[in-house]
Amino acid sequence: MRIYTSVDPMTGTASYVDYDEGADALHFTEQYDASALIEWNKRLYNEAPSGWGEGATAARLPLMLWLKLKREGIIDDRKRWKAWLNDPDNRHFRCRPGWI
């Protein structure tokens, strides 16, 4: 059984509580809609100039994803962060083509 608990208008995050009767356990879930951000990233990616230049933005992420990556230590580990940004599975968060 899933119970909707709240929505954060600043992040667009909806929170739910799921009850697993078999395990007699509660599971807390957060979901967010990043479709508008992904569409914006696609536009920026397609319109990006060929050179990087100083202060160029490489990616834009939803806050909840950034916090997850921070908790996992990826943001603070330069090698892992670059690998995450260059991973084709994460390309929809990129604002510019090329390698980091």
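The values are calculated or read from the model by the stated rules, or taken from the named source; none is laboratory data. Fair warning: this is a prediction, and the values are worked out from it, not measured in the lab. Heads up, the Cβs are rebuilt from the backbone with ideal geometry, glycines too, and the neighbour counts pull from every protein chain shown.
For this structure, a couple of remarks:
- Taken across the range 44-62, residues that are more than 23 Å from Pro9 (Cβ to Cβ) and of a type in the set (Asp, Glu) do occur, with at least one present.
- Scanning the range 37-78 for residues that are at pLDDT below 90, among the small types (Gly, Ala, Ser) and loosely packed, with under 15 Cβ neighbours inside 10 Å gives Ser50, Gly51, Gly53, Gly55, Ala56.
- Where a residue in the range 39-55 is under 17 Å from Leu85 (Cα atoms) and its partner, wherever it lies, is part of a loop (DSSP other than H, G, I, E, B) and among the basic types (Lys, Arg), with Cβ under 6 Å and at least six apart: Asn41/Arg60; Ala48/Arg96
- Residues being under 25 Å from Gly53 (Cβ atoms) and either in a helix (DSSP H, G or I) or among the aromatic types (Phe, Trp, Tyr) (or both) - total across the range 84-98: 8
- Residue within the range 3-25 that is within 13 Å of His92 (Cβ to Cβ), modelled with pLDDT of 85 or more and hydroxyl-bearing (Ser, Thr, Tyr) present: no
- Filtered by the rule that a residue be of a type in the set (Gly, Ala, Ser) and either assigned by TED's automatic domain parsing to the domain that holds His92 or surrounded by 10 or more Cβ atoms within 10 Å (Cβ to Cβ) (or both), the range 7-34 gives Gly12, Ala14, Ser15, Ala34.
- The single condition among (1) touching a strand residue (DSSP E or B) at 6+ places or on another chain (Cβ under 9 Å); (2) part of a helix (DSSP H, G or I); (3) at pLDDT 85 or above that Trp81 does not meet is (1).
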